[in-house]
Amino acid sequence: MAKATRHVERRHHKVDRLPAKTRDELARRFQAGETYDALVAWLASEGHEVGRSSVHRWGSRFQRHLEKLRAWREAAQTIVADLQGKPATQLNEAAEQTAVQMLFEALVDLQEARAEGEGDGAGGAPNLKNRASILASLSHALSGLGYSAANRERLKLAFRKELAEEAVAKVEAAVGDAEVGGKTVVDTVREALGIG
């Protein structure tokens, strides 16, 4: 039986290890539509010898990253448009669900990077300090989302209770101390609304 092979995309550290300012300019030039040959020539003029294939692989990965960002932006715009005029809590819930999905994608990307042995360690070994920092940031973000969701639910409960109290006040104003089956109408309404 043939063993299944998995294609593992290598990340090319020559581009990833360029100074941040150089990478930013490379990204700008790439987005402006410069050819890979022009990008390699520009890098060489800046004193960075990076091969065309490394720049091409970086460009492909960068393009996928841009497409993912565009997709997230379009999804966010669709969510906002769909929830126009609806309570802000629904928009918050949708935003949190989207953020959680993005965080889990980041965790998957991090796991794949670990499996590929990327990093700044010796021989391309994973840089555990960087990965631990990323995981800590993601964990913090997830806990913040959880806290936000809990607060939102508390607000919903408080709002429902306030609406119920308003309804009871209206019933009380309308019927006074009227009784039905040995209980006041107001007590019956309170019980039905769960505000005892």
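For the pair ARG160 and GLU34, what calculated FRET efficiency results from E = 1/(1 + (r/R0)^6), where r is the Cβ-Cβ distance and R0 = 45 Å, to the nearest 0.05? All intermediate terms of the calculation are to be shown ahead of the outcome.
On the way: r = 57 Å, r/R0 = 1.27.
About 0.20, to the nearest 0.05.
Ranking request for peptides 29-41, 71-83: highest mean number of other beta-carbon atoms within 10 Å first, then the rest in descending order. Intermediate values should be presented prior to the final figure.
Values: 29-41: 14.0, 71-83: 12.2.
Peptide ranking by packing, descending: 29-41, 71-83.
Values quoted throughout were computed directly from the atomic coordinates according to the rules given, and no laboratory measurement underlies them. These numbers were taken from a predicted model, which means no experiment stands behind them. As a convention, Cβ positions derive from the backbone with ideal geometry for all residues, glycine included, and neighbour counts pool all protein chains shown.
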